[in-house]
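Asks: Supplied in structure tokens, the structure appears directly below.
The values are calculated or read from the model by the stated rules, or taken from the named source; none is laboratory data. The structure presented is a predicted model; accordingly, all values stated were derived computationally and were not measured. Cβ sites come from the backbone with ideal geometry, for glycine too, and all protein chains shown count toward neighbours.
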Amino acid sequence: MHSIADIRKNPGTILAVGSYRPGYQAILDFDVLTGRASPSIVGIVGSNKRYEKYFWGNEEVLIPCFRTMSEARQVVPHTDWLLNITSARRAYQVTEDFFTAYPQAHGVHIFAEDIPEVDAIKLFDTYGSVGKTIIGPAGVGLIVPGFLKLGVVGGVDWRQIKANHLEQSGSVAVLSASGGMINELITMVANTGHALSFALCFGGDRFPTTRPLDAFLAAEADPATKHIVYYGELGGTDEYEIVELIEQGKLTKPIIAYVAGVIGESFDTPVQFGHAKALAGSKDETASAKRQALAKAGVQVAGSMSDLSQAIGVLPQDDITESHHDFSYRQASLFTSTISTETADGYAFVGKSLQEWSAEGDIASQITAGLLGRLPKSRVTTELMRTIYLLSVDHGPQVSGALNTIVTARAGKGVIDSLAAGLMTIGPRFGGAVSDAAREWFDGVEGGSTPGELVEKRAKAKQMIGGIGHKKYRLDLPDPRTEILARYADKLAVHPYFDFAKVVEEITTQKKGNLILNVDGHIAALMLDVLAQEEGYAARELEQLITADFFNALFVVPRTMGFVAHYLDQKRLDEGLFRLPDDDVLLVE
Amino acid sequence: MARVKLSEYAAKSLLVDKYGGVAIRVRSIDDGVARLSDGQKYIVKVDQGIKKRGKQGLIRLNVTKKDAKKAIEELAEKGFERFIAEPMLLHDDDEERYLSVERMREGMRFLYSPKGGVDIEEHPESIVQYDSIKDVPLPQSFLNRLVDTMNKEHMSFVEINPLIVRGEACSLLDAAVLVDSAGSWQASWGDDDIVEVGTKAASEEAVARLNDGSPASFSFRVLNPDGAIWLLLSGGGASITIADEAANRGKADLIGNYGEYSGGPTREETQLYTEAVIEQLLMANAPRKAIIIAGGVANFTDVRKTFAGIIDALRQRMAELKAAEVMVYVRRGGPNEKEGLALMERFLTQHGICGSIHGSSDVLTTVIDEALEYIDA
């Protein structure tokens, strides 16, 4: 088992799997109460959200969420603990996945009840016996006051954490088979003027993955622990191993113990109590026999809860410092923004005040920061954005969007209506193909299919490939705009998305000369490559951008400028209402 | 969540190739008998996980198809529902061996004795423990198949007595198997293959159904149908500790039930659970009765929410509770402790059935003393 003293030196971080909001919130409250600088939970796996919002003291903080363990591994390269809140049927697999992704991690707490015996034994043999700490199943975890809270142990309400002085390290270790009773004992320790050194619940299953004897040895090895308080139950023979440790001189610290279940001896047939292990099949498994064996070895055995409370009460007191934190009045916000703030000095947009933006004087840089939600790391990104803007601002009055803007302006409408008419034209056939193209190149590269397979698949389904084909330009009449865009590939060390798109173009242009890689296809491929190479975007972040229609936004932003220009042009000309000439309409009877 | 017993029929169906036994239920005796063969002699046994059936007269030997119905009906008259009929295997008493295999943390533990049979307990010195399968003096092919089946079917304990060995062939004349109920979803046995010793009260069955349909956990077992103290407890550990306190006072016989709810049940689930406890309490024949609503300091179960469910149930049966002069004693801690306790105190006081109310600053077991005082007064 991982040493408690080491946890105090470096508590490490936690990856949580499963959904358990109050439990996670309590861990973050514990972090704030103990003065930790950032949340110990670095990610939550098994959520469809990008982030979950939690309180961080009286403020709020976003904890990143991931669908799978491998997705988490991409973003969180290192973590120390797994908080496994999945069901009994999934808990084993999730633990295995965790150690595959994070072989260096210290350990796991498994919360679920009803883990099969064979799985518990396998967990112990595979991980516990090679030094990993597996706490549970059917328990509430481990708490090292002041340093680490791994599980619901100690409560899910910040008031419980505060009332039990869990923000400070003390001298009494509490070890328990029962999740409910560990908190009862923690409260008893706190109510009698003591603080905890640590508390560990090994759970009420037949084969706990942290054996009681491991927990006792951890307490013995922990310099802060002066006294051990133990809660055990009838069933099983773990207490005899404790007795053996004492007799061998390996366990020397004073122990106060309560072994519950003498009630079981009042009945003729063995009774199965709440926990899986709580059934005395033979005489040595009864509470009385185990109490006797412990007492004989020198353990102070309490006969009742009041005895136990008294025995703890007379232990030397710890210095308790009252914490001044109060989270009573915190309120969750209704929505979240990460890009802009209003301050006393005015407004800030993506990390800079508007005055700073103005002084810098680069609109391309501001657009890039706005679309990424953070300042770009590389000048190449801003330059590509500028080029895209300048090349996409307008493609003539004939195109659908410009035409609708013009028609609306001539109908006497104002700038908002005319611009909206133009913007609302953007869609699958006009201007909305950049995201489609990005999807093609991304799926191709990430999914591992070849350009040939993509073309074959689309041809069979008689579908267009996003980013391929132009009405006017052909292989022998190249689009001058794409030549400018293509130069960006030279600025990158590697450009897998652009390479993929170019090979697709090679195949399609053999079939038909105008099936070239068009402007949309270039923008999509090059922006993917620039974001991956220059801005450090992981595949999953690119995927999120595609889903969010980021690539179509690259078109919408400059074209908005183009539509407004057309609107103002029409107002200057003031030609009056537009009506299609009769010749241009085929009237079918 | 625990080790439970398989019926002998289900156990042998999994452990024995081409098993020749027939399961017979009391509601369809004729169907069962129809599956027996003419000209074959059978042994007919009650199959409800009961030990020492021979000595209790729950076994019939040399039964033919013709008189099987009568044999089963005789056994059914004693109140049993499940039976098993197996072809008789003629053998000498000194052929009988004993074998048990139990899953331990370190691996399987084998106990073997060449002197098996009904009197095994008289020869404890003949039982030898083996920690390695290779050392057990029985055919290895048989042992390997047994352990494979135990692993695949989540069996935790198998006891075969007697076991008859003739060359490589091993016959299981009687087999008792405990399975790990947590593994049921991966095993081929089901709920129907589990036998429970004794019959269940209606309230126990209601709680079992509640438990099956909820992510929270509920248990309820009647210990003394005419008990005076009825426990409505939360948490596996706290519930034993509180029951212990009655035993400490020498009053274990006054306890009506053992049970607990835990794992954050909803208000509605807590109400249903409470109804089952009240139902059983009202049937008890005791001069004075008390309910103890108690638990440790919860880690995550919401005290206010669960107490609201308990109050819903108490309110429904208030007239009967008052008529029976039932008093209620409360001790609980955890999330929303103050609000929950205040809610409960107001409600109980209003109806005049409030014995006492304690929070996390008072020792868990005070309520037992107070309830005993009321009952003894």
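Asks: Take the conditions away from chain B (no Cβ under 12 Å), in contact (Cβ under 8 Å) with a residue 40 or more places away in the chain and surrounded by 15 or more Cβ atoms within 10 Å (Cβ to Cβ) and apply them to A:Ala218. Does it pass?
Replies: On the way: away from chain B (no Cβ under 12 Å): yes; in contact (Cβ under 8 Å) with a residue 40 or more places away in the chain: yes; surrounded by 15 or more Cβ atoms within 10 Å (Cβ to Cβ): yes.
Yes: the conditions hold for A:Ala218.
Asks: Would you pick out the residues in region B:227-245 that are closer than 24 Å to B:Leu314 by Cα and either more than 7 Å from chain A (Cβ to nearest Cβ) or in contact (Cβ under 8 Å) with a residue 40 or more places away in the chain (or both)?
Replies: B:Gly227, B:Ala228, B:Ile229, B:Trp230, B:Leu231, B:Leu232, B:Leu233, B:Ser234, B:Gly235, B:Ala238, B:Ser239, B:Ile242
Asks: For region B:235-255, what are the residues that are in contact with a Gly (Cβ under 7 Å, 6 or more places away or on another chain) and either aliphatic (A, V, I, L, M) or in a helix (DSSP H, G or I) (or both)?
Replies: We begin by selecting, within region B:235-255, every residue in contact with a Gly (Cβ under 7 Å, 6 or more places away or on another chain); these are B:235-240, B:244, B:248, B:254-255.
Residues satisfying the conditions are B:Gly236, B:Gly237, B:Ala238, B:Ser239, B:Ile240, B:Asp244, B:Asn248, B:Leu254, B:Ile255.
Asks: Select from region A:358-376 the residues that are more than 30 Å from the chain's Cα centre (by Cα) and assigned to a helix (DSSP H, G or I) and list them in ascending order.
Replies: Those that are more than 30 Å from the chain's Cα centre (by Cα) and assigned to a helix (DSSP H, G or I): A:Ser358, A:Ala359, A:Glu360, A:Ile363, A:Ala364.
Asks: Please find, within region A:128-166, the residue that is farthest from A:Thr187 (Cα to Cα) out of those that are basic (Lys, Arg) and surrounded by fewer than 24 Cβ atoms within 10 Å (Cβ to Cβ). Don't jump to the end; show me each part of the working.
Replies: Within region A:128-166, the first condition is being basic (Lys, Arg), and the residues that meet it are A:132, A:149, A:159, A:162.
Retained after the next criterion (residues that are surrounded by fewer than 24 Cβ atoms within 10 Å (Cβ to Cβ)): A:132, A:159, A:162.
Details: A:Lys132: 29, A:Arg159: 12, A:Lys162: 11 Å.
Of everything passing the filter in region A:128-166, A:Lys132 is farthest from A:Thr187 (Cα to Cα).
Asks: Moving on to the next point. So for region B:256-268 (the condition being part of a loop (DSSP other than H, G, I, E, B), over 26 Å from A:Leu279 (Cβ atoms) and within 14 Å of another protein chain (Cβ to nearest Cβ)), does at least one residue qualify?
Replies: No, region B:256-268 contains no residue that is part of a loop (DSSP other than H, G, I, E, B), over 26 Å from A:Leu279 (Cβ atoms) and within 14 Å of another protein chain (Cβ to nearest Cβ).
Asks: Ok, one more. Of the numbered conditions (1) of a type in the set (Gly, Ala, Ser); (2) farther than 28 Å from A:Leu545 by Cα; (3) not assigned by TED's automatic domain parsing to the domain that holds A:Val556, A:Ala411 fails exactly one; give the number of that condition.
Replies: (3)
Asks: I'd like the full set of residues that are of a type in the set (A, V, I, L, M, F, W, C) and either in contact with a strand residue (DSSP E or B) (Cβ under 9 Å, 6 or more places away or on another chain) or surrounded by fewer than 17 Cβ atoms within 10 Å (Cβ to Cβ) (or both), limited to region A:530-563.
Replies: Those that are of a type in the set (A, V, I, L, M, F, W, C) and either in contact with a strand residue (DSSP E or B) (Cβ under 9 Å, 6 or more places away or on another chain) or surrounded by fewer than 17 Cβ atoms within 10 Å (Cβ to Cβ) (or both): A:Ala538, A:Ala539, A:Ala548, A:Ala553, A:Phe555, A:Val556, A:Met561.
Asks: Six or more apart or on different chains, Cβ under 7 Å: which pairs go from a residue in region B:69-98 that's part of a loop (DSSP other than H, G, I, E, B) to one that's among the charged types (D, E, K, R)? Could you list them?
Replies: Sorted first by the residue in region B:69-98, then by its partner, the pairs are B:Glu81/B:Arg25; B:Met88/B:Lys41.
Asks: Facing chain B (nearest Cβ under 8 Å), surrounded by fewer than 23 Cβ atoms within 10 Å (Cβ to Cβ) and within 29 Å of A:His165 (Cα to Cα): which single residue out of A:Asn191, A:Asn183 fits that description?
Replies: A:Asn191
Asks: With respect to the numbered conditions (1) within 15 Å of A:Asp80 (Cα to Cα); (2) facing chain B (nearest Cβ under 10 Å); (3) of a type in the set (Asp, Glu), which one is the sole condition not fulfilled by A:Glu113?
Replies: For A:Glu113, the failing item is (1).
Asks: OK, next. So if I check each of A:Ala138, A:Ala120, A:Ala88, A:Ala112, which one is in contact with a helix residue (DSSP H, G or I) (Cβ under 6 Å, 6 or more places away or on another chain), touching a residue at least 12 places away in the same chain (Cβ under 8 Å) and small (Gly, Ala, Ser)?
Replies: A:Ala112
Asks: A further question follows. Just one of the numbered conditions (1) under 24 Å from B:Asp192 (Cα atoms); (2) surrounded by 13 or more Cβ atoms within 10 Å (Cβ to Cβ) is not true of B:Arg60; which one?
Replies: If we test B:Arg60 against (1) under 24 Å from B:Asp192 (Cα atoms); (2) surrounded by 13 or more Cβ atoms within 10 Å (Cβ to Cβ), just (1) comes out false.
Asks: Quick one: count up the residues across region A:74-110 that are within 13 Å of chain B (Cβ to nearest Cβ), surrounded by fewer than 20 Cβ atoms within 10 Å (Cβ to Cβ) and in contact with a Lys or Arg (Cβ under 9 Å, 6 or more places away or on another chain).
Replies: Total satisfying the criteria: 0.
Asks: So is B:Val367 more than 14 Å from B:Ile291 (Cβ to Cβ), within 32 Å of the chain's Cα centre (by Cα), in the same structural domain as B:Thr274 (by TED's automatic domain parsing) and not hydroxyl-bearing (Ser, Thr, Tyr) or not?
Replies: It is false that B:Val367 is more than 14 Å from B:Ile291 (Cβ to Cβ), within 32 Å of the chain's Cα centre (by Cα), in the same structural domain as B:Thr274 (by TED's automatic domain parsing) and not hydroxyl-bearing (Ser, Thr, Tyr).
Asks: Shifting gears a bit: Taking B:Leu111, is it touching a residue at least 60 places away in the same chain (Cβ under 8 Å) and under 26 Å from the mean Cα position of the chain (by Cα)?
Replies: Values: touching a residue at least 60 places away in the same chain (Cβ under 8 Å): no; under 26 Å from the mean Cα position of the chain (by Cα): yes.
No, not satisfied.
Asks: Name the residue, out of B:Ser171, B:Ser188, B:Ser203, that is of a type in the set (Ser, Thr, Tyr), away from chain A (no Cβ under 12 Å) and assigned to a loop (DSSP other than H, G, I, E, B).
Replies: Going through B:Ser171, B:Ser188, B:Ser203 in turn, the sole match is B:Ser188.
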